[in-house]
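The values are calculated or read from the model by the stated rules, or taken from the named source; none is laboratory data. From a predicted model like this one, the values you see are computed outputs, not experimental measurements. With ideal geometry, Cβ positions are generated from the backbone for all residues, glycine too; neighbour counts draw on all protein chains shown. Keep in mind that these areas ignore ligands, DNA and RNA; they rest on the heavy atoms of the full protein, side chains included. Shrake-Rupley method; radii C 1.70, N 1.55, O 1.52, S 1.80 Å.
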Amino acid sequence: MPFHKLTVSLESRSYPIHIGAGLTASKSAAQIVPRLRGQHGVVVTNTTIAPLYLDRVQKWLRAAGYESTAIILPDGEKYKSHETLLSLYQNMFRAGLQRNSFVCALGGGVIGDLSGYAAATYMRGVDLLHIPTTILAQVDSAIGGKNGVNLEAGKNFIGTTYQPRVVISDVDFIETLSEREILGGLGEVIKYGLLAGDDFISFLEMNKSEILARDPRCLATMIHFCSRIKADYVVRDEYDRLGVRAALNLGHTVGHALEKLFDYQKFTHGEAVAIGLVASLVLAHDMNLLTEVALERSLQLLRAFGLPMQIPEAADVDEMIALMRRDKKAENGLSMVLLKALGDPHLENDIDPVRLNRVLTKCKKSQLL
Ligand code: NAD
Ligand code: GLY
C-alpha cells in the first residue's frame, strides 16, 4: 500500500503530514508519532467516532510511549461553541494536563477546530496532533493551523493560527464515512483541482470510479495531491495576510452565503462549496476571464462526482449578495476568488452586484448544469 509523506515547511513550526492506509495500526506508531514534550495527553473526539476508532488510536499512542485520557464531546457543528470549549478546558484540567502535555484531535473539522483552539490557548499552548477522520479534514482543516469556534454572529469568528506537530491522515477512516460526508469532502477536493490545474484535474477525471468506490490507494494519492496544494499555500502565506492563502476561498464566498441562508440545515459545508464553485466558474466565464472549454471541463467534473450544483429556487439572490458583502473575508466590498484559467486563481475585488445577481439567478436553472 502506498504511503506518502510531505512536510509543511514553516521554520521552527514545520511538521510532517503522513498519508496512507493502516497508519494508526500500532506497528507504525514509533515511526510517525513525533517526539513530544511530555508523555501524557488527551485524545479529543466525539460520540460518533469514539466507538469506531478511539481504542485503536489510544493503543497506537501507547505503542509510541504516550499515555492518553479520552475526552468525548457531543457530535455536531452546533457544539463548536464557547460552551463546549469551556467544558473541554475543564476536562483537560481534570485529566491533569500540564504545559508539556499534548492534545490529539481525532475527528473531522469540528473536533479539529475545537481541539486546535484549546491546544493553542491551554497554558499558552501545548503540543497538538491532528488525526483527521473525514476527507474534508484530511485535505483541508487539519492542515495549516487555523482553528476556532463559532459565534452567534458567524462561523469561525474566534480563533488562532496554531500549527500541529504532525498530521496523520489514515485513509482507513474513510470507510465508515457516510456518502454525504464523502461528497462534501469531494467538493473541497475539486476546489483543489481547479486551483492546481491540469495534472490533478486529469487524475480526478481518470480515477472517478475508484475514488467513489473508496479505493484506499486512490484515496491516498488524492489526499496527497490536495495536502501538497494546501501546504504550498500555507507556506507562502501562513497567517493569511498576503492575499495568497485567500485563493483557498474559491467557491466559499457563495458557499458560506448559502450555508447561512439556509441556517446551516440544508447543505454540508462541502456541498455549499460545490455550488459556490459553479457560481464562481460561471461568473468568471461571464466576465470573459475563463474560456468556454475550461468552464465546461470544470462543470463536467462536478457533474461526474454527483455534487450538488444548483442554487435552490427558494434562495433569495439579493439576500445572498447581502450575506456575501458581510463575509468575514470580504474586506473590500464584494470580492470573490475567480479563475483566469484552470490553475490560475486571483482575487477579484469590486464585483458588479448587477452582474453577480444575473449569474446567481442563472445558477438556479438546471439546464445550465
Ligand atoms: P464534522 O467534523 O462535523 O464531521 C462530519 C460528520 O462525520 C460528523 O457527524 C462526524 O462525527 C462524522 N465522522 C467524522 N469522521 C468519521 C468517520 N471516519 N466515520 C464515520 N463518521 C465520521 O465535519 P467536517 O466536514 O469534517 O468539518 C467541518 C468543519 O470544519 C466546519 O466546522 C468548518 O468550519 C471546519 N473547517 C475548518 C477549516 C480550517 O482550516 N480550520 C477548513 C475547512 C473547514
Ligand atoms: N480553509 C482555508 C484556509 O485554511 O486558509
Practice problem: With respect to residue 89, determine if the residue is in a helix (DSSP H, G or I), surrounded by 21 or more Cβ atoms within 10 Å (Cβ to Cβ) and among the hydroxyl-bearing types (Ser, Thr, Tyr). | Solution: no
Quiz item: If you go through the range 51-64 one residue at a time, do you hit one that is among the hydroxyl-bearing types (Ser, Thr, Tyr) and without any contact (Cβ under 8 Å) to a residue 60 or more places away in the chain?
Solution: no
Quiz item: Is it true that residue 361 is open to solvent by 10 Å² or more (accessible area, probe 1.4 Å), under 28 Å from residue 204 (Cβ atoms) and touching a residue at least 24 places away in the same chain (Cβ under 8 Å)?
Solution: no
Quiz prompt | Conditions (1) of a type outside the set (D, E, K, R); (2) near ligand 1 (Cβ under 7 Å from one of its atoms); (3) more than 15 Å from the chain's Cα centre (by Cα); (4) closer than 30 Å to residue 99 by Cβ: number failed by residue 178 | solution = (4)
Exercise. Could you tell me whether any residue of the range 221-239 is open to solvent by 30 Å² or more (accessible area, probe 1.4 Å), within 13 Å of ligand 1 (Cβ to nearest atom) and either under 15 Å from residue 185 (Cα atoms) or at pLDDT below 95 (or both)?
Key: no
Practice problem: Tell me, yes or no, whether the range 159-180 has at least one residue that is open to solvent by less than 10 Å² (accessible area, probe 1.4 Å), part of a helix (DSSP H, G or I) and aromatic (Phe, Trp, Tyr). | Solution: yes
Exercise. Could you run through the range 128-142 and say how many residues are within 11 Å of ligand 2 (Cβ to nearest atom) and either open to solvent by 10 Å² or more (accessible area, probe 1.4 Å) or free of Cβ contacts under 8 Å to residues at least 24 places away in the same chain (or both)?
Key: 3
Quiz item: Within the range 152-167, how many residues are more than 10 Å from ligand 1 (Cβ to nearest atom), in contact (Cβ under 8 Å) with a residue 12 or more places away in the chain and over 19 Å from residue 104 (Cβ atoms)?
Solution: 3
Exercise. State yes or no: is residue 145 away from ligand 2 (no atom under 16 Å from the Cβ) and within 17 Å of the chain's Cα centre (by Cα)?
Key: no
Exercise. Could you tell me whether the range 115-126 includes any residue that is open to solvent by less than 10 Å² (accessible area, probe 1.4 Å) and farther than 16 Å from residue 164 by Cβ?
Key: no
Quiz item: Does the range 34-56 hold any residues that are crowded, with 20+ Cβ neighbours inside 10 Å and over 11 Å from residue 106 (Cβ atoms), and which are they?
Solution: 36, 41
Exercise. Would you check which residues across the range 290-305 are open to solvent by 50 Å² or more (accessible area, probe 1.4 Å) and not acidic (Asp, Glu) and list them?
Key: 291, 293, 297, 300, 303
Practice problem: Just give me the residues in the range 148-174 being under 22 Å from residue 91 (Cβ atoms) and within 14 Å of the chain's Cα centre (by Cα), in sequence order. | Solution: 148
Quiz item: Of these, 233, 239, which one is within 11 Å of ligand 2 (Cβ to nearest atom), closer than 22 Å to residue 14 by Cα and within 14 Å of the chain's Cα centre (by Cα)?
Solution: 233
Quiz prompt | Failed condition for residue 31, given (1) touching a residue at least 60 places away in the same chain (Cβ under 8 Å); (2) of a type outside the set (Ser, Thr, Tyr); (3) within 22 Å of residue 138 (Cα to Cα); (4) open to solvent by 60 Å² or more (accessible area, probe 1.4 Å) | solution = (1)
Self-check item: Qualifying positions in the range 251-285 - part of a loop (DSSP other than H, G, I, E, B) and surrounded by fewer than 24 Cβ atoms within 10 Å (Cβ to Cβ)
Solution: 262, 263, 264, 265, 266, 267, 268
Self-check item: Scan of the range 199-220 for residues that are in a loop (DSSP other than H, G, I, E, B) and either away from ligand 1 (no atom under 16 Å from the Cβ) or farther than 18 Å from residue 270 by Cα (or both), ordered by number
Solution: 207, 213, 215
Quiz item: Is it the case that residue 7 is open to solvent by 20 Å² or more (accessible area, probe 1.4 Å), out of contact with any Gly (no Cβ under 8 Å at 6 or more places or on another chain), closer than 20 Å to residue 116 by Cβ and more than 16 Å from ligand 2 (Cβ to nearest atom)?
Solution: yes
Quiz item: Of all residues in the range 124-158, how many are of a type in the set (Phe, Trp, Tyr) and assigned to a loop (DSSP other than H, G, I, E, B)?
Solution: 0
Quiz item: Which residue pairs have Cβ atoms under 9 Å apart, sit 6 or more places apart or on different chains, and have a first residue in the range 215-238 that is within 17 Å of residue 168 (Cα to Cα) and a second that is aromatic (Phe, Trp, Tyr) and modelled with pLDDT under 95?
Solution: 220/3
